[in-house]
Amino acid sequence: MAALSIRSGLAPRFPSPSLGPLEEKVSITEEAGIRPSPGEAPRVSVEVAEGALVQQGAALARLHKASDVCFVAPMRARVARIELLQGHRLAEIVLFREPEDEAVRHDTSGADNEAGLRRLMQTAGFWPWLRRRPFGGMPGADERPAAIFVMATDTSPLAPDPRMAIEGQEEAFGRGLHALTRLTDGPVFVCQQPGPPLFDGVPARGRLRSVDSGPRHPQGAPGLRIHTLFQASIEASVWDLHAEDVAHLGALIATGTLPMSRLVSVGGAALREGRLVRTQPGADLRGLTHRVTKPGPHVVLSGSPLDGHPARWLAPRHRQVTVLPGVKKGPQRHWLIGALTRSAAPKPVIPNAAIDQAFANALPAVAFVRALMSGDEETAMKMGLLSLLEEDVALADYVLGGEMHLAAALRAMLDRVRSEFAE
């Protein structure tokens, strides 16, 4: 399979003040929310009661069918609210920060073998940070991937540099990479900007592969890297995770404590100043944007300007917060005028260079979009559907002006394929 051309992709620009230097003080928000990623609703057994005091890393809930897989507290806190959907499915657990730093320490004596490493990752709360393809979501507790992708590059607009996130943690990063090779018989790809490999001196180098990515988006999108280098299939899943999480895995193995911090950028047109901070998973987005937003209505997104969603809490795998001006509502049109002026079907795809670049020339973009919008699962799967998730087509949605809603069509097709072919 051909790798992406270093010049492929686009460089969409969104107005935002400069992010500035990394703030020295860690910005732990007074509140945090533990919730699954958008579109996920795992069935869980709750381990704590409202009002309980919990340590950092303490189990708050466990998967119902895989009790070792835990959702944990990102800070020492008091449990303020537990919300479950029908069927004991996790909606959110809200925490109020408590003073002092106390963290749960795990037994790492078995981490040198696969079974012990898996159990450590699952009980410590690391497992929800992994993402599988096809279909998305965290991997099954016993799942063994055909390959693993470590993303040490991020080309999303306003994204923080993953290399900065692991500065000073090189030893832990190498230890984490070495651990990942125990979870798969296949390769572990490290996707990075051109330069020396990030894993010099790491054991098992024959299993580790460095892959250069260009600076344009979606060069750093995991799905496009997976599609070009090691395609996911129904029979062979592929995992991806962030480089900073790999460094945290290395620290967990060495100390028994999982670090609960991540490098996050806070940008967008509705800000007076941007921020580059370290904060905890599930951070309160209001706390991160307090005193830096411009006067007037605004919308706070967890994620990038391309694929972020309005939220109160930082999503489990997100490392961006985007604040956009609120849209002022004008006079509402009569429903009949809207019905007469709105097309019953989306506008056809007009072939152009932009749509090809929005997929980094990794697949036949126009044909793929047509298969997606017409519901042709077999053709879409042949073109790479099973390696992609919503974020991977967000730039194409942006280029098409929102007419096609590719992300929604992609999710609908993945759900159909899962129900028809994978269950």
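Overview of values
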quantity: Sparsely packed trypsin sites (Lys or Arg not before Pro) within the range 1-99, loop by DSSP, other Cβ within 10 Å at most 15; calculated: 7, 13, 25, 65
quantity: Antiparallel content of DSSP bridges confined to the chain, in %, to 5; calculated: 70
quantity: The range 225-239 and the range 295-309: distance between their alpha carbon centers, rounded to Å; calculated: 31
quantity: Helical mean residue ellipticity (222 nm; -39500 (n - 2.57) per DSSP H run of 4+; nearest 500) of the chain; calculated: -6500 deg cm²/dmol
quantity: Cα extents of the range 353-417 along the three principal axes, largest first (Å); calculated: 28, 20, 18
quantity: Shape parameters for the range 173-317, alpha-carbon atoms, Rg then Dmax in Å; calculated: 17.8, 55
quantity: Dipole axis of the chain (+1 Lys, Arg; -1 Asp, Glu on Cβ), positive-most option in 130, 242, 16; calculated: 16
quantity: Compactness relative to 2.2 N^0.38 Å, alpha carbon Rg of the range 122-240; calculated: 1.02
quantity: Segment residue 143-residue 290, extension gain: residue separation times 0.36 nm, minus the distance between their alpha carbons; calculated: 48.8 nm
quantity: Qualifying aspartates and glutamates (Cα of each under 19 Å from Cα of residue 294; at least 8 residues distant if same chain); calculated: 273, 284
quantity: At 0.692 mPa s and 37 °C, Stokes D of the chain from Kirkwood alpha-carbon radius, µm² per second; calculated: 147
quantity: Residues of the range 123-144 with amide N under 14 Å of the 7 Å Cα→Cβ point at residue 309; calculated: 136-138
quantity: Modelled label reach - residue 107, point 7 Å along Cα→Cβ, the range 124-152 residues with backbone N closer than 15 Å; calculated: 124
quantity: Prolate/oblate/rounded label for the range 3-96 (Cα gyration tensor, a/c 1.5); calculated: oblate
quantity: Hz values of 3J(HN,Hα) by residue in the range 281-297 - Karplus curve (6.51, -1.76, 1.60), Gly and Pro given as x; calculated: x, x, 4, 6, 5, 5, x, 6, 9, 4, 6, 10, 8, 6, x, x, x
quantity: Three semi-axes of the equivalent ellipsoid, the range 28-79, Cα gyration tensor, whole Å, largest first; calculated: 19, 14, 9
quantity: Of all accessible heavy-atom area on the chain, the percent that carbon and sulfur account for (1.4 Å); calculated: 52
quantity: More than 20 angstrom apart: percent of Cα pairs within the range 97-176; calculated: 53
quantity: Sequence-distant residues sharing a close amide H with residue 232 (under 5 Å, placed H); calculated: 387
quantity: Residue 293 long-range amide H proximity, modeled H, under 5 Å; calculated: 272
quantity: Dipole magnitude of the chain about its Cα centre (Cβ charges: Lys, Arg +1; Asp, Glu -1), debye to nearest 20; calculated: 1020
quantity: Separation between Cα centres of the range 349-423 and the range 128-202, rounded to whole Å; calculated: 25
quantity: Residue-level accessible surface for residue 144, protein heavy atoms, 1.4 Å, Å²; calculated: 90
quantity: Taking the chain and dividing mean pair separation by its residue count, relative contact order in percent (alpha carbons under 8 Å, at least six apart); calculated: 20
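The values are calculated or read from the model by the stated rules, or taken from the named source; none is laboratory data. Note that the structure is a prediction, hence the values are computed from the model and not measured. Please note: Cβ atoms are built from the backbone with ideal geometry, for glycine as well, and neighbour counts cover all protein chains shown. These area figures cover heavy atoms from the full protein model, side chains too; ligands, DNA and RNA do not enter into them. Shrake-Rupley method; radii C 1.70, N 1.55, O 1.52, S 1.80 Å.
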